[in-house]
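The values are calculated or read from the model by the stated rules, or taken from the named source; none is laboratory data. What you are looking at is a predicted structure, and each value in this text was computed from that prediction instead of being measured. Note: ideal-geometry Cβ built from the backbone for every residue, glycine included; neighbour counts use all protein chains shown.
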């Protein structure tokens, strides 16, 4: 219980600091992805693939983006919910810039909390962390698209890792 309270307060403090720091652009976004959930049961690995859906809120400037995201996955009786704090660094802006379209590749990291359940009455929750790489495509001043790959590890006994290809749409205000 203390871990959850500590993690929630750390995430809230970090996000509020990020919003103050990067007040030039805030964002709201939705995400859909294709995930590989690698679970362990009785020392056997089981991979479940399916759709993942999520929402995010955050702030960004020319170099950094910090977001708080929540996502969920349900397939074949296996379910998870994740809440993560993500830090992305834009590597460079595209050399090709036309009609206010801008490509920004990024590298990032994430940390958060995950709850996992399945039909076998297994319940587990714990820390989730990992890395991500992607491309932000700014098509309008208020809208950008995100294409990314996330790889997440956990400290849980039932879940080994999660790999996700994610598409997101962000409203920038």
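Which residue, of 51, 59, is modelled with pLDDT of 85 or more and in contact with a helix residue (DSSP H, G or I) (Cβ under 8 Å, 6 or more places away or on another chain)? Full working, then the answer.
Working: 51 fails: in contact with a helix residue (DSSP H, G or I) (Cβ under 8 Å, 6 or more places away or on another chain).
That would be 59, the only listed residue that is modelled with pLDDT of 85 or more and in contact with a helix residue (DSSP H, G or I) (Cβ under 8 Å, 6 or more places away or on another chain).
List the number of the failed condition for residue 109; all other conditions in (1) at pLDDT 95 or above; (2) more than 17 Å from the chain's Cα centre (by Cα) hold.
(2)
Output the number of residues of region 121-154 satisfying the condition of being over 11 Å from the mean Cα position of the chain (by Cα) and under 15 Å from residue 36 (Cβ atoms).
Result for region 121-154: 2.
Which of the residues belonging to region 155-173 are within 14 Å of residue 37 (Cβ to Cβ), assigned to a strand (DSSP E or B) and either in contact with a helix residue (DSSP H, G or I) (Cβ under 6 Å, 6 or more places away or on another chain) or modelled with pLDDT under 95 (or both)?
Passing the criteria: 159, 160, 161.
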